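Please read the structure below before turning to the comments.
The values are calculated or read from the model by the stated rules, or taken from the named source; none is laboratory data. Everything numeric in this text was worked out from a predicted model, so none of it was measured. Because the Cβ atoms are built from the backbone with ideal geometry, glycine has one as well, and the counts that use them run over all protein chains shown.
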Amino acid sequence: MKKSKKKLKGMTLIEMIISIFIFAIMGGLLILIGTHIDATSKATNNLKNKVVVESPYAANHISQIGEDEHGDPEYLDKSEMDITVKIHASGKYWVKEQTDADDPSKFEFVEKSYGNADGDVVVNMKAEKYSTEKLVTDGMTEEQIKDMQKKVNGKLNLDFFDVLPAEEPEAEGESAETE
């Protein structure tokens, strides 16, 4: 009796080339996605490290960062800034004023107005802005600082500012009061 052999059929050359081409495209996409994920994770870690170091100072408005070699307090770098708030509003309000200097229990409500002739309320304030960059760059060389700032999120700092007490406005700049 004759045994029949089954004919084995393989892939053609065209099918092999197409398969290799598809695998090459998929591999290239995986490499691109991997490099993007790597860059994102480095940027996230850089930001996380900055937040860990800077956020306690910024959140709590702490400007003293330690002491120098002589025992004197060392502070964050600060700069002054002007803040102007302008709101288009005007109106009247009531203030409780003492009427008798000898008797503090005697008072009356006095009507006052706010806003200038144009109906604007303008408030000028001064603030001190504290830069927290020194916390991260302390002990780094100039080259290390430049390398760090080139990275993603490298120039991001959690700066904060403290508004200084307002100065009393001059008589000519004050709003007119109704009598």
Flag for Lys129 being part of a strand (DSSP E or B) and either exposed (fewer than 14 other Cβ atoms within 10 Å of the Cβ) or of a type outside the set (A, V, I, L, M) (or both): yes
Restricting the range 39-87 to residues that are surrounded by 10 or more Cβ atoms within 10 Å (Cβ to Cβ) and hydroxyl-bearing (Ser, Thr, Tyr), the one nearest to Val122 (Cα to Cα) turns out to be Ser79
Ala101 passes all but one of the listed conditions (1) among the hydrophobic types (A, V, I, L, M, F, W, C); (2) within 39 Å of the chain's Cα centre (by Cα); (3) over 27 Å from Asp162 (Cβ atoms); (4) not in a strand (DSSP E or B); the exception is number (2)
Would you call Thr12 among the polar types (S, T, N, Q) and closer than 30 Å to Leu156 by Cα? no
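Matching residues to (1) modelled with pLDDT under 80; (2) more than 24 Å from the chain's Cα centre (by Cα):
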| residue | (1), (2) |
| --- | --- |
| Thr137 | no, no |
| Glu143 | no, yes |
| Met148 | no, no |
| Leu158 | no, no |
| Phe161 | no, no |
| Glu168 | yes, yes |
| Glu177 | yes, yes |
Yes or no: Ser90 among the hydroxyl-bearing types (Ser, Thr, Tyr) and either surrounded by fewer than 10 Cβ atoms within 10 Å (Cβ to Cβ) or modelled with pLDDT of 85 or more (or both)? no
Among the strands (runs of 3 or more DSSP E) contained in the range 42-98, which hold 1 or more residues that are in contact with a helix residue (DSSP H, G or I) (Cβ under 8 Å, 6 or more places away or on another chain)? 64-67, 77-88
Please give the number of the condition Gly27 fails out of (1) assigned to a helix (DSSP H, G or I); (2) touching a residue at least 60 places away in the same chain (Cβ under 8 Å). (2)
